[in-house]
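Scroll down for the structure; my scribbles are underneath it.
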Amino acid sequence: MRCDQVRQAFSDLYDERLSGPPLVTITQHLATCQECRAEWTAFRNAMLAVSDLGGAEPSLGFAARVRQRIQAPTRFQRLLRWLFFPLRVKVPIQALALFLVAFAGLLLYQRSPELLRQAEVRPATQPPVIREAPVTTPAPTAAPLKKDPIHPKLDAKEREAAPSPRPQAALEVERDRAASGLRDEWKPLEKPRLLAEPPKAEESAPEFRAKTAEPGVTTGRLQQALPPPAESDAVTAPTQPAPKAVPAPRQETQTSAIQTRSADELYFDALADSARQRYDRSIEDFRAFIAQHPGDARVPDARLRLADAYVAQRRLAEAVQEYETLISEFPGSPLLPAALFKLGQARLDLGDRSGCQVLRDLTTRYPQAAEAAPARQTLSARCP
């Protein structure tokens with residue numbers, strides 16, 4: 001037997017678990033091998049020293065604490081267990097609570113019409129810059145030049161190419177017709193106009209007629225064909241003052257800009273004007289919104305705000321008409337209590353005692369509405 005095998009069997013030899021031939025072989029080897037005998041002596045002394053130390057008793061409950069720390073769930077596990085377990089109890093309760101919260105939110109939303117009327121005010125967009133056509137001044141009297149003896153043919157051709165001036169009566173009729181058309185089209189539009197640039201002094205009536213001439217004749221040739229101021233020896237010819245230019249481009253441009261405004265632009269511009277107490281503009285935008293987009297879901301709110309703008313301007317008769325239109329066209333709207341209350345107030349302000357009956361109808365049909373309490377106060381104060 002080798003030395004390493006003998007040293008591996010020291011534990012069994014010390015515990016007296018060896019017998020028979022293995023014990024005899026190890027004993028003979030220790031008797032003949034000095035190194036293994038020294039190792040055996042050191043091993044036995046170490047074991048005797050350890051056995052003399054005695055055993056240490058653990059503290060009370062040490063094993064239970066160790067077992068609890070090993071088996072204790074984490075915070076996340078405890079949260080999941082608290083939320084979902086037992087499943088047959090917690091899941092139905094949570095589903096019922098979620099349904100009740102959703103139902104309460106829907107009920108609160110339907111019973112609060114002011115939530116339906118709140119809207120984010122958009123910043124007002126800058127309108128396109130539109131310039132009016134400059135107003136021309138009457139042209140000074142002029143006489144035709146003498147024929148140029150050097151180029152008589154060229155002068156004759158240019159005079160033939162120049163358009164003959166229109167009679168004064170026809171020009172006056174066209175000017176009046178254009179001006180009346182502009183006034184009729186711009187009556188509903190009361191928004192302030194941008195100031196036009198000052199007209200240039202050098203733009204005269206003959207040049208205006210040259211710009212509006214028939215296509216096919218260039219402006220340069222027309223201006224050359226027009227007569228310059230008369231010389232001293234020329235015979236002066238009486239001329240008539242040119243008509244003023246009609247600002248037709250401005251009308252067409254701004255009208256098309258208004259017609260292309262979307263429902264959101266009209267609605268939010270009207271809200272912004274109402275917030276700034278610019279009721280004339282807000283009335284225009286609300287009326288345009290209702291007329292151009294009658295199927296929009298915000299039409300009841302727009303009509304109510306339109307009536308409120310009339311009330312702010314003390315135009316009570318028009319406000320009463322808008323409130324009545326809202327009540328008749330949208331009988332199921334959540335804004336109906338507010339419309340009834342304001343209709344009764346407006347009629348009473350006009351001296352119409354039928355406003356008392358409107359307020360009584362409000363308190364009867366909508367006793368839980370927010371407007372019912374002030375309606376009762378108004379009835380007690382103004383309708384004894």
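The values are calculated or read from the model by the stated rules, or taken from the named source; none is laboratory data. Just so it is clear, the model here is predicted, and its values are computed rather than measured. A quick note on method: Cβ atoms are made from the backbone with ideal geometry, for glycine too, and the neighbour counts reach across all protein chains shown.
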Does at least one position in region 321-333 carry a residue that is in the same structural domain as Arg278 (by TED's automatic domain parsing), in contact with an Asp or Glu (Cβ under 8 Å, 6 or more places away or on another chain) and crowded, with 23+ Cβ neighbours inside 10 Å? no
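Looking only at residues in region 366-384 that are in contact (Cβ under 8 Å) with a residue 12 or more places away in the chain and either within 24 Å of Gln313 (Cα to Cα) or assigned to a helix (DSSP H, G or I) (or both), which one is farthest from the chain's Cα centre (by Cα)? Explain how you work it out, then say what you get.
As a first pass, look at region 366-384 and keep what is in contact (Cβ under 8 Å) with a residue 12 or more places away in the chain: 366, 368-372, 374-376, 378-379, 382-383.
Remaining after also requiring either within 24 Å of Gln313 (Cα to Cα) or assigned to a helix (DSSP H, G or I) (or both): 371-372, 374-376, 378-379, 382.
Details: Glu371: 30, Ala372: 33, Pro374: 34, Ala375: 35, Arg376: 38, Thr378: 38, Leu379: 41, Arg382: 42 Å.
Per the criteria, the residue is Arg382.
Looking at Gln313, Gln277, Gln292, which one is surrounded by fewer than 18 Cβ atoms within 10 Å (Cβ to Cβ), at positive phi and within 29 Å of the chain's Cα centre (by Cα)? Spell out the reasoning first.
On the way: Gln313 fails: at positive phi; Gln292 fails: at positive phi.
It is Gln277.
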Among the residues of region 329-356, write down those that are within 31 Å of the chain's Cα centre (by Cα) and free of Cβ contacts under 8 Å to residues at least 60 places away in the same chain. Glu329, Phe330, Pro331, Gly332, Ser333, Leu336, Ala339, Leu340, Phe341, Lys342
Can you say whether Ala297 is modelled with pLDDT under 95, over 28 Å from the mean Cα position of the chain (by Cα), of a type in the set (A, V, I, L, M) and closer than 26 Å to Phe268 by Cβ, as far as the supplied structure shows? no
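Rundown of residues vs (1) assigned by TED's automatic domain parsing to the domain that holds Ser333; (2) surrounded by fewer than 11 Cβ atoms within 10 Å (Cβ to Cβ); (3) of a type in the set (Lys, Arg); (4) not in a helix (DSSP H, G or I), yes/no style:
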| position | (1), (2), (3), (4) |
| --- | --- |
| Asp12 | no, no, no, no |
| Ile26 | no, no, no, no |
| Ser59 | no, yes, no, yes |
| Leu80 | no, no, no, no |
| Leu107 | no, yes, no, no |
Go through the residues of region 40-52 one by one and say whether even a single one is among the small types (Gly, Ala, Ser), modelled with pLDDT under 85 and assigned to a helix (DSSP H, G or I). yes
Condition first: among the polar types (S, T, N, Q) and out of contact with any Lys or Arg (no Cβ under 7 Å at 6 or more places or on another chain). Now tell me which residues in region 309-334 satisfy that. Gln313, Gln321, Ser328, Ser333
